[in-house]
Amino acid sequence: MAHRMALIPVLGDPDAEAASWDDSRFGAFPLAGQQSHEFLDFLTWHGLTGFWLDWCRRQGLLDSLVPGAAERMQELDRAARASFLLQTHAMRQITQDFDEREILHLVFKGVATRMELYRVPHVRSASDIDLLINRADRGVVSEVLKSRGFVLAGDNASAHEETWQRGSVDIDLHWDVLAPGRTRYAMVPSLLEGRIRVSAGWRMSDEDTVAMMLLHPAVTKYVCSRHAGLNRVADIVHFVRHRTMDPELVAQRIRSTGLVGAAWATLTWLDLLLKPWPSNPEQAFLHSLRESLQLGRLRAAYLRRWIANDWPGRLEGRADGLVRIGFTLPFHDSLADVIRASTSRLGRNAGMGEPR
């Protein structure tokens, strides 16, 4: 219930007038009652406070909030605005430096699309910049980042990414979008080849963006665990709303990875979240895409049961091994895919202990 309620102002048209809160449909306004601070904690965890603050301002509801709520949201908003400006500046520097050196790269996830999707871009806060490059360019990329004042951070135990920091700006540098072995082929070359130029810099093509929005949270965040932020749901819905795509082309991208089950699981979770909303073009697109990615009856029923019962969320942190084996291995589309992913993970665990 909290998930659906949290999305009500978020999934509206950001360019339209804010619709009034419908008590008869949604229940009492959640930031004006006894559970307001708990609900605000929930919004903060899922990266939605900026959306709600913007919506409450347009509604004239800030005075209706419980004492301290508006001030807390405004403080978070100021921090998000400052982070947005610093991240945008860093991305422009990186784009300029990499383009001058002809280094193929792109930005993905939230920072890559928020300037296209949201009337006030900084409401879509992001903890870091996700940057994708070819593995062969790691050396020259490292030198460029150092020249811009970034420092390598962390223990660098991952087989496909590392973190660079400059003050409060973090860059997650990836040379693969998922852990090695998860997909049937190395995705990075085709993703970089199909990249497009937008205001934020370079990002994936529209079809690749949607495919990754569905695959990445399934594999890395277990679809509906507490780490699968609802701001990602907002990104998917608004991206599909703003862009024109053929769902079959997106389906082709997903099928080629051998992870149809992962995308199908994310689409099933979205379907459960979006049920209260009237049918609209983006829901029709997502439904059509899910129909194109039909699983076998038993696998579909099995994954749906995990999602409907929120077992990934309940078990995460207590039985992660069970979630990885029982939930994410069935994302793979063949026994060969399962063997490849399992063997690769065992090799990583033996060598460096990389998670997921």
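The values are calculated or read from the model by the stated rules, or taken from the named source; none is laboratory data. What you see is a predicted model, and the numbers here were worked out from it, not measured in a lab. Using ideal geometry, Cβ is built from the backbone for each residue, glycine included, and neighbour counts are taken over all protein chains shown. Surface accessibility is based on the protein's heavy atoms, side chains included, excluding ligands, DNA and RNA. Shrake-Rupley method; radii C 1.70, N 1.55, O 1.52, S 1.80 Å.
So with the 1.4 Å probe, I'd like the accessible area per residue for region 187-304, rounded to whole Å².
On a per-residue basis, 37 Å².
Please name whichever of Ala70, Ala2, Gly347 sits farthest to the positive end of the charge dipole of the chain, dipole taken about the Cα centre and charges placed at Cβ: Lys and Arg +1, Asp and Glu -1.
It is Gly347.
Which value, in debye to the nearest 20, describes the size of the charge dipole of the chain about its Cα centre when Lys and Arg Cβ atoms bear +1, Asp and Glu Cβ atoms bear -1, and nothing else is charged?
Using Cβ point charges on Lys, Arg, Asp and Glu, the chain gives about 800 debye.
Taking loop as defined by DSSP and a crowding limit of 13 other beta carbons within 10 Å, which chymotrypsin sites (Phe, Trp or Tyr not before Pro) in region 182-242 fit?
Tyr185
Just to be sure I follow the definition: excluding the sites themselves, where is the longest run in the chain that has none of the GluC sites (Glu not before Pro) in a DSSP loop with at most 11 other Cβ atoms within 10 Å?
103-356
Could you work out what % of the accessible surface of region 119-261 is carbon and sulfur, using a 1.4 angstrom probe and leaving DNA, RNA and ligands out of the count?
48
Based on the alpha-carbon gyration tensor of the chain and its eigenvalue square roots a ≥ b ≥ c, which shape applies: rounded if a/c is under 1.5, prolate if not and a/b is larger than b/c, or oblate?
Because a/c hits 1.5 or more and a/b fails to exceed b/c, the chain counts as oblate.
To the nearest 20 debye, what charge dipole does region 29-75 have about its Cα centre, counting +1 at the Cβ of each Lys and Arg and -1 at the Cβ of each Asp and Glu?
The calculation lands at about 140 debye.
Using helices alone, I'd like the mean residue ellipticity at 222 nm for the chain: each DSSP H run of four-plus residues gives -39500 (n - 2.57), total over residue count, nearest 500.
-16500 deg cm²/dmol
To check you understand DSSP bridge types, tell me what percent of the beta bridges within region 120-248 (both residues inside) are antiparallel, rounded to 5.
Of those bridges, close to 75 percent are antiparallel.
With a cut-off of at most 16 other beta carbons within 10 Å, and DSSP calling the residue loop, which trypsin sites (Lys or Arg not before Pro) in region 80-148 qualify? Please list them.
Arg101, Arg119, Arg148
In what sequence, highest mean first, do 58-66, 227-235 appear when ranked by Cβ atoms within 10 angstrom?
227-235, 58-66
If the chain between Thr244 and Glu193 were fully stretched, how many nm would it gain, using 0.36 nm times the residue separation less the Cα-Cα distance?
16.3 nm
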